[in-house]
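Working notes for the structure below.
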Amino acid sequence: MSGTLNKVMLIGHLGDEVKMHYFEGGGCVGRFPLATNETYTSKQTNERVTNTEWHNIVVRNKAAEICEKYLTKGDKVYVEGRIKTRKWQDDSGNDRYSTEIQVTDFTFLSTKKESDASTAATNNTQQQAKPNTEKPASQPIDGDDDLPF
């Protein structure tokens, strides 16, 4: 095989809302952090250890608008794309590097009902007076969801 391959596949949870940047020509870019976890049992202490890796995700144009509309912090998503490293200079003139995942394909893994239930649970812990009428996310959920595809 004489070619090369730059392909990344990640399943993780959004660490923040999708931040949008719009350009004069009509294009846009969405950015968000994605957390992936690795869990193992330490042989020395026999305790479970979890390491979290953060990835800078970049989505463009229509895909960015869809992500902004349907994704919120904590949602689980599958992204596929390629690694791109950008070089830039900070205020002191030092060279800095940013590694990003340029997304070519994605799939939402949290259903709208799961997102609504987790949002309701979060709101209930913040506002104790309001009863929780949503189903918990751990109960079985039917296959009908509000995804655009």
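The values are calculated or read from the model by the stated rules, or taken from the named source; none is laboratory data. Just so you know, these numbers come straight off a predicted model, no measurement behind them. Ideal geometry is used to build each Cβ from the backbone, glycine not excepted, and the neighbour counts take in all protein chains shown.
Rundown of residues vs (1) surrounded by 12 or more Cβ atoms within 10 Å (Cβ to Cβ); (2) under 27 Å from Gly74 (Cα atoms); (3) at pLDDT 95 or above; (4) not small (Gly, Ala, Ser), yes/no style:
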residue	(1), (2), (3), (4)
Ser2	no, no, no, no
Lys7	no, yes, yes, yes
Gly12	yes, yes, yes, no
Asp16	yes, yes, yes, yes
Met20	yes, yes, yes, yes
Gly25	no, no, no, no
Tyr40	no, yes, no, yes
Gln44	no, no, no, yes
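The set of residues in the stretch 32-74 that are in a strand (DSSP E or B), basic (Lys, Arg) and under 17 Å from Asp105 (Cβ atoms) contains only Arg60. For Arg86, the requirement of being in a strand (DSSP E or B), at pLDDT 95 or above and among the basic types (Lys, Arg) is not met.
Considering each residue of the stretch 66-78 in turn, at least one proves to be basic (Lys, Arg), under 18 Å from Ile11 (Cα atoms) and either surrounded by 14 or more Cβ atoms within 10 Å (Cβ to Cβ) or modelled with pLDDT of 90 or more (or both).
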